[in-house]
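Okay, so here's the structure we're looking at.
The values are calculated or read from the model by the stated rules, or taken from the named source; none is laboratory data. Owing to the predicted nature of the structure, the values given are computational and were not obtained by experimental measurement. For neighbour counting, all protein chains shown are included, and Cβ atoms are generated from backbone atoms with ideal geometry for every residue, glycine included.
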C-alpha cells in the first residue's frame, strides 16, 4: 500500500496545492484524481506567479489581452486564474456532488494587497465568486483581523470561504468564530446554513523560522505540534452547545486543511510533514513533488504528535523565550508580505511581457 492510499484509508483527503493550464490540458490533474485520489485543488499568489510569470504557457492569451488595452494586468491575471479554477472545478464536480458538497473544491485567492482592508476584501470576494460561477470554488481570505471581518460577511451572504495563513490555535479559534457568526446571522434570517468553509493551517513554515531558537531535539516538531493544538481546539468547538444548535439546523463544520506541507529544511524528506499530520477527517494539501513522493512511498498513516507531545513542544518554545502567539502573528504577517511580493512580481512580469512583445498589427506595419 502506498502512502497516499494509507492516508486516504485513515480518513484524510488529499488536495493538490497547485494549478496550471499544463496540468489541466495534459490530463495530469485528471490522472492525479484517478491515481492518487486527489479531491481538491488550492492555489495562492506565489503559485500564480510561478505558473504565469515564470513560464510561457499563458503567453498566447496573456499578451494579446494586454495589447488590446481592455483590462489592467491584475484583471487579466484573474481572468486566466479563474478560467483554470473553472476547469478544475468541473473536473472535481462529480466528487462535490458525491460527497454532498463536503469535497471536490477549488480555491482562488483575493489580492494579497487587501489583507488589511476588510471592505475591499469583501468586494473582491463577491466579485471573484460571481466571476468563477461554480458552486465548488472557495474564495481564499487571509486570517488577519480585517480578514476575519470579511470572512463573517462573506459567509453571511453565502460565499464559500477558505480562510488562509493560520498558524496557531488562537488564530484558528478566531477564524472558526467568524464562520460561526456568519452562520448564526444566516440562521436568524431563515437562510440555509449549507455554506462551506475550510481553514488552511500553515505547518512547515514554523520549522525553518524556529530552528535558530531551539535545541536540535525540538527542531522541525513545532509545526506538527501547532497542528495538533489546532485540531484539539477544533474538536472543542464541535463539542460546544453553540455549534450543536447550528448543526441541528443543517450546518457542516468548518474543515481543517493542512497547508504549507512541503519541508523547508533540505535535510528533511519532502513528505516529512505530509505523512505525519493529524488525520481524523482532515485535508492535506500538498505540492506536486510531495504528492508524487507520497505515491512512491510505502508505509502506514500516522496521527502525528499526540496532545501531550504537542504540549511538551509548546513548553519547549516558552523555555527558549518564544511567545507562541506573538510568533504566530509574525509568521502570518510575513506570509502576507511574501504573497504581496510575489503578486507584485507577477504583475511586473505581465508589464514586461507586454513591453517586450509585439502585436500582430505592429509586425505587419513594420513589414
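Note on segment 44-65: among residues that are surrounded by 23 or more Cβ atoms within 10 Å (Cβ to Cβ) and within 19 Å of the chain's Cα centre (by Cα), the one that is farthest from residue 160 (Cα to Cα) is 52. Restricting attention to segment 145-159, the residues that are surrounded by 23 or more Cβ atoms within 10 Å (Cβ to Cβ) and either part of a loop (DSSP other than H, G, I, E, B) or in contact (Cβ under 8 Å) with a residue 60 or more places away in the chain (or both) add up to 1.
Let's see how each residue does on (1) farther than 15 Å from residue 178 by Cβ; (2) in contact (Cβ under 8 Å) with a residue 24 or more places away in the chain; (3) under 18 Å from the mean Cα position of the chain (by Cα):
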residue: 81; (1), (2), (3): yes, yes, yes
residue: 94; (1), (2), (3): yes, no, no
residue: 97; (1), (2), (3): yes, no, no
residue: 103; (1), (2), (3): yes, yes, yes
residue: 121; (1), (2), (3): no, yes, yes
residue: 134; (1), (2), (3): yes, yes, yes
residue: 140; (1), (2), (3): no, yes, yes
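Scanning segment 1-34 for residues that are more than 21 Å from residue 136 (Cβ to Cβ) and part of a helix (DSSP H, G or I) turns up 3, 4, 5, 6, 7, 9, 22. Under the condition of being within 27 Å of the chain's Cα centre (by Cα) and farther than 19 Å from residue 147 by Cβ, which residue from segment 314-326 is surrounded by the fewest Cβ atoms within 10 Å (Cβ to Cβ)? Among those that are within 27 Å of the chain's Cα centre (by Cα) and farther than 19 Å from residue 147 by Cβ, it is 323. Out of the residues in segment 276-285 meeting the condition of being within 18 Å of the chain's Cα centre (by Cα) and part of a loop (DSSP other than H, G, I, E, B), tell me which one is modelled with the highest pLDDT. So the residue we want is 282. Checking each residue in segment 1-23 for being farther than 15 Å from residue 295 by Cβ, touching a residue at least 40 places away in the same chain (Cβ under 8 Å) and surrounded by fewer than 19 Cβ atoms within 10 Å (Cβ to Cβ) picks out 10, 11, 21.
Within segment 218-234, does at least one residue satisfy the condition of being within 20 Å of the chain's Cα centre (by Cα), crowded, with 19+ Cβ neighbours inside 10 Å and under 25 Å from residue 137 (Cβ atoms)? Yes: one or more hits. Scanning segment 66-77 for residues that are more than 21 Å from residue 162 (Cα to Cα) and surrounded by 16 or more Cβ atoms within 10 Å (Cβ to Cβ), we see that the one that is modelled with the lowest pLDDT is 66.
Within segment 216-243, restricting attention to residues that are part of a loop (DSSP other than H, G, I, E, B) and free of Cβ contacts under 8 Å to residues at least 12 places away in the same chain, the residue that is nearest to residue 282 (Cα to Cα) is 239.
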